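Notes for the one structure printed next.
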Amino acid sequence: VRYFVAVPWVARAAIDLHVEFGLLLKLEQRTADLVALVVSQENSCRYCYAAVRTTLWYQGMDTARIERIERDLAHDAMHARTRATLDYARRQSRLGPAAARSAREGLRQHGVEADEFREIAFTVALTDFSNRLHTAAAVPALPLESMPERAPYRWVRPLIDRLMRRHHARGRPVPAPGVDVQQPYARLVQAYAGSPIGAALARTLDEMWASPQLTRRCKLLIFAVVSRGLPCEICETEVGHALQREGLDAATLARALRDLDAPGLDDIERALLPYARETLWYEPAALQRRTRALHGTLTSPQIVEAIGVAALANGLCRMAALVLEDA
């Protein structure tokens with residue numbers, strides 16, 4: 001948390017959006033853990049990968065079993081429905097909405113209904129968000145990676161598992177949150193009506209838009225770059241309309257998305273449009289170098305907010321089209 005505390009909404013989102021804290025109604029937590037594992041592996045997020053491996057280890061899954069899952073999912077002794085879920089997760093994260101549509105059909109064939117599918121899509125999106133958040137900030141993973149090898153942690157493993165499980169909870173249906181239909185992603189929040197995910201998304205988005213470190217127009221431009229790069233036409237249309245309400249005309253927006261620059265953009269926007277593009281299909285070391293290069297143009301809180309906005313955009317834009325089509 002100390003890496004993100006300069007921007008409260010980012011620090012809260014890093015904790016509050018974890019599915020084990022009462023957000024799931026249908027999806028089994030162990031399957032959600034496996035989704036987080038394979039997506040973190042695909043995204044090369046050393047911190048999140050270590051965090052999920054350590055969590056599974058505390059829960060009693062031995063390291064050999066984890067390594068078999070990582071080596072070859074197709075031949076691992078798991079239920080076909082779980083394999084279909086993990087295949088979908090990898091496609092949504094690494095290939096984007098277009099490729100994920102065919103994997104969505106595979107979930108339907110294995111009896112995954114709409115409510116559970118939305119939770120799967122959210123779990124993938126949350127992991128994409130968390131991967132970029134921790135990778136861009138270069139949060140060290142070694143303390144987590146070394147836990148299974150250290151005698152004190154092996155001795156207290158059952159106790160820590162019980163303590164962790166005390167903080168885990170299944171979700172309960174909740175009233176749909178009130179949303180401003182003019183806000184981008186209001187329809188996505190409404191797609192989770194009745195689920196605790198809807199309330200968590202609404203709170204995170206409201207706090208993000210209200211945060212003062214970056215302008216609303218700058219945040220929308222980051223979302224626009226990510227939407228175009230995937231691509232997600234639904235997201236791009238929504239964000240484009242919001243930018244027009246902010247006074248950015250269609251020609252300037254088109255040029256900004258094509259060239260990652262345009263007349264009338266300020267220095268911070270010029271720095272963050274290429275940065276947002278970098279977060280789409282990133283290589284960890286390169287992304288960390290680009291993040292460090294923002295110093296001098298942005299303050300430290302502005303950098304934290306830029307990391308958070310780009311990470312959230314990557315998660316939401318990867319899930320939005322399929323969730324809205326399925327709703």
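The values are calculated or read from the model by the stated rules, or taken from the named source; none is laboratory data. The model shown is predicted, which means the values in this text are computed figures rather than measured ones. Just so you know, the surface numbers come from the protein's heavy atoms only, side chains and all, with ligands and any DNA or RNA stripped out. Shrake-Rupley method; radii C 1.70, N 1.55, O 1.52, S 1.80 Å.
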Study note, to complete from the structure: Over the chain, the sum of -39500 (n - 2.57) across DSSP H runs of at least four, divided by residue number and rounded to 500 deg cm²/dmol, gives at 222 nm -21000 deg cm²/dmol
Review point. Expressed in nm², what is the orientationally averaged projection area of the convex hull enclosing the Cα positions of the chain?
Key: 16.1 nm²
**Study point:** Cα-Cα P(r), the stretch 106-245, percent of pairs per 5 Å interval
**Key:** 2, 8, 11, 16, 18, 15, 12, 9, 6, 3, 1, 0
Practice item. Sort THR63, THR82 by accessible area with a 1.4 Å probe, largest first. Key: THR63, THR82
Study note, to complete from the structure: Rounded to the nearest 10 Å², the 1.4 Å probe accessible area of TRP9 is 10 Å²
Study note, to complete from the structure: Here the stretch 103-114 yields Karplus 3J(HN,Hα) values (6.51, -1.76, 1.60; θ = phi - 60°; whole Hz; Gly and Pro given as x) of 5, 4, 5, x, 5, 4, 5, 9, x, 7, 8, 4
Study note, to complete from the structure: The answer for VAL5, listing residues at least 5 apart or on another chain whose modeled amide H is closer than 5 Å to its amide H, is none
Practice item. Rounded to whole Hz and in sequence order, give me ³J(HN,Hα) for the stretch 14-23 from the Karplus expression 6.51 cos²θ - 1.76 cosθ + 1.60, θ = phi - 60°, writing x for Gly and Pro. Key: 4, 9, 5, 8, 6, 5, 6, 9, x, 9
Check your understanding: In whole percent, what relative contact order does the chain give with Cα contacts below 8 Å and a gap of six or more residues?
Key -> 27 percent
Check your understanding: With θ set to phi - 60° and the Karplus curve 6.51 cos²θ - 1.76 cosθ + 1.60, what are the ³J(HN,Hα) couplings of the stretch 240-252 in order, to the nearest whole Hz, using x for Gly and Pro?
Key -> x, 4, 5, 5, 4, 5, 7, x, 8, 6, 4, 5, 5
Revision key, fill the gap. Of the accessible area of the chain, computed with a 1.4 Å probe and all protein chains kept, carbon and sulfur make up a percent value of 52 percent
Study note, to complete from the structure: A chain fully extended from ALA114 to SER300 at 0.36 nm per residue, minus the present Cα-Cα distance, gains in nm 62.9 nm
Review point. How high is the relative contact order of the stretch 218-327, given as a whole-number percent (alpha carbon pairs under 8 Å, six or more residues apart)?
Key: 40 percent
